[in-house]
Amino acid sequence: MDKKKVIARIEQLRIEKGISVYQLKENADISSTIYQWKKNATRDRNRTPSLRSIEKICDYLGVSLSYFFAFDEDTQIDVKNKELTEAIKKLNKDQIHVLELLIKEFNKN
């Protein structure tokens, strides 16, 4: 795992969601290591956020691990499309109808 990419991705998602570092630390149930990853970058240059910490961050931010590790925009879109396809497969008949109406509205614009 490339530490710089992981830290940058955490920052990117945190900013996209409008969440402060403090909010993330408090609500994602992670230790103060999020501060340490940035603050002690030179001292702890080999230290990378654990997978468990990344999972907690993803849970709090409402993103999947697949989406978290999709570092480029095209891959992010592919992951989101796959996740949406899987979610659509679980809808009942009435939910599908509502989704069809919503898509028609999007297509009008």
Kindly check whether there is at least one residue in region 44-63 that is surrounded by 13 or more Cβ atoms within 10 Å (Cβ to Cβ), modelled with pLDDT of 90 or more and touching a Ser or Thr at 6+ places or on another chain (Cβ under 7 Å).
yes
Here is a list of conditions, (1) touching a Phe, Trp or Tyr at 6+ places or on another chain (Cβ under 9 Å); (2) modelled with pLDDT under 95; (3) hydrophobic (A, V, I, L, M, F, W, C), and PHE106 meets all of them except one; can you say which number that is?
(1)
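Among the residues of region 1-16 satisfying the criterion of being open to solvent by 90 Å² or more (accessible area, probe 1.4 Å) and more than 13 Å from PHE68 (Cα to Cα), which is modelled with the lowest pLDDT? Steps first, answer last, please.
Residues of region 1-16 that are open to solvent by 90 Å² or more (accessible area, probe 1.4 Å), as a first pass: 1, 4-5, 15-16.
Filter once more, keeping what is more than 13 Å from PHE68 (Cα to Cα): 4, 15.
On the way: LYS4: 81, ILE15: 94.
Taking the candidates together, the pick is LYS4.
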Can you tell me which residue in region 54-93 is farthest from GLY18 (Cα to Cα), limited to those that are not in a helix (DSSP H, G or I) and not hydrophobic (A, V, I, L, M, F, W, C)?
ASN92
Cβ pairs under 7 Å, 6+ apart or interchain, first in region 50-73 and in contact (Cβ under 8 Å) with a residue 40 or more places away in the chain, second aromatic (Phe, Trp, Tyr), ordered by first then second residue, are ILE54/PHE68
Any residue at all in region 87-109 that is open to solvent by 90 Å² or more (accessible area, probe 1.4 Å) and within 15 Å of the chain's Cα centre (by Cα)?
no
Which condition from (1) in contact with a helix residue (DSSP H, G or I) (Cβ under 8 Å, 6 or more places away or on another chain); (2) modelled with pLDDT of 90 or more; (3) of a type in the set (Lys, Arg) is the one that LYS38 breaks?
(2)
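If I ask for residues that are among the polar types (S, T, N, Q), farther than 14 Å from ASP59 by Cα and assigned to a helix (DSSP H, G or I), which ones from region 8-26 would you list?
Taking region 8-26 first, the residues among the polar types (S, T, N, Q) are 12, 20, 23.
So of that shortlist, the ones also farther than 14 Å from ASP59 by Cα come out as 12, 20.
Hit for region 8-26 is GLN12, nothing else.
The values are calculated or read from the model by the stated rules, or taken from the named source; none is laboratory data. As the structure is a prediction and not an experimental result, all values here were calculated from the model. Virtual Cβ from ideal backbone geometry, glycine too; neighbours counted across all protein chains shown. Surface accessibility is based on the protein's heavy atoms, side chains included, excluding ligands, DNA and RNA. Shrake-Rupley method; radii C 1.70, N 1.55, O 1.52, S 1.80 Å.
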